[in-house]
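Just so you know, all these numbers are worked out from the coordinates, no wet-lab data involved. From a predicted model like this one, the values you see are computed outputs, not experimental measurements. Ideal geometry is used to build each Cβ from the backbone, glycine not excepted, and the neighbour counts take in all protein chains shown.
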Amino acid sequence: DGLRVKFVEQLPSQPSGQPGENHRVEVVAGDTIREFKVKLTAACEAESNFWKGRSEEFTKSFADIAIGFKHLVMVFIPSPKVQKLLKQRLTNSDEYKRQYNMDLADPSNWQPLDPARSFSQYSQFNFGRVPVMLRVVEETPTYKAQNLRYKLFAEEQNQLTYLDRNEPKVCFGWAKYKHQEGSTEWRQAFISKISDKDRPWKATWVQDWCLEEETALERGPGPEAAALLQTAEEVEEPKEKDPKDDDTKNPDGTDKDPAAAAAAAAAKAPPAKKAPPTGKDLEKALADQAEARKKPQLERKQVLLQPRLPLVDDVVNEDHEEILKQALTLRQSGMSDWEIEGVLNQLLKDSPDSKSAGADGEDVITLDEIRSYLQRQDATKGQ
């Protein structure tokens, strides 16, 4: 059933003389699974050297063994039935021995370990406190079909994180966040494209996506909403009228003409102030301010897209597509990207199908467009 290699907490003073126990390689709880593979390879080499001149069979068995990235390190997890018999202290019973051997032979009772994690991070298996059985096998599609635990483990390992998000409508990146006092910083964000000409990028901050979103009222008003709230404080209290300021009386005390009195009152009246929002209008104003901070619209220079070939920005001008096909040939001939830009724009200008090509810079092939096209071609070839 394969070779057996034993690692102990304290190395014996002399080799035991048993196969797999003479390598003198130490494994500690702080070792990662990846480091364990390296030590296991070294242990097999040392074991082979020990048996030279003693046993040709064991010398060959432990020779030329290399444990690499294609190998799985797995820990044995007995079935609930075996665990129940163990708790009942029936380990000497025939039923326990039969079920235990069946579990050992069942691939689905072996759980793969993450190469990036250390033994100490798997506290549920008590590494370093009790003897633990490990198995090392080479990963294959056939073995994945046999071991359900490995199948689920592979799916988890291959699952993309939010840092790898690259979809036609949104991708991960960084965007400039503006604080209320005016300072800025780069923050992680999910970036999407919108139809706005001046600010075609929209950012959703990752921290708002990860954490439970707060309501607009909990966040408090933004600068504009706060100004709306202060409007109520700026309303002056009514003052008592001075008789001299009575617009309905003449200086001699007689009544003014109604039309003249109305005109005089209108001339002295202060400009009408917008009533401060209340109730639902106030809540909407606060919510709009919070939404603008959570999902700002930005210029191209205010965003950095993480993917090398962001699908959200994978748009080629139809008028440029045929001419861009020549960029690859020009680069292979030794031209720089700046030289290619000049040649392609000249071709675009001379093209009879081009609409006012190059006129006042309205329709030109940019350096970014050329590089994006070439990168896309390189990625397509690599697939």
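In table form, for the structure just shown:
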| read-out | value |
| --- | --- |
| Distance in nm between pseudo-label sites at Asp106 and Leu328 (7 Å out along the Cβ direction from Cα) | 5.3 nm |
| Spin-label model distance (nm) - Trp338 vs Asn317, 7 Å beyond Cα toward Cβ | 2.1 nm |
| Nearest-0.05 FRET efficiency for Leu90 and Leu3, computed from C-beta distance (R0 30 Å) | 0.45 |
| Residue list for the stretch 122-155, given a label point 7 angstrom along the Cα-to-Cβ vector of His71 and an amide N cut-off under 11 Å | 135-139 |
| Under the Karplus curve 6.51 cos²θ - 1.76 cosθ + 1.60, θ = phi - 60°, whole-Hz ³J(HN,Hα) for the stretch 157-168, x wherever Gly or Pro sits | 5, 8, 6, 6, 8, 5, 5, 9, 5, 8, 10, x |
| Lys81-Asp208 FRET efficiency (beta carbon distance; Förster radius 45 Å; 0.05 resolution) | 0.40 |
| Distance in nm between pseudo-label sites at Glu26 and Glu56 (7 Å out along the Cβ direction from Cα) | 3.7 nm |
| FRET efficiency, Glu181 to Thr161 (Cβ-Cβ, R0 35 Å, nearest 0.05) | 0.60 |
| Label-reachable residues, the stretch 64-98, where backbone N falls under 19 Å from a point 7 Å from Asp114's Cα toward its Cβ | 69-77 |
| By average C-beta atoms within 10 angstrom, highest first, the peptides 366-374, 190-198 | 366-374, 190-198 |
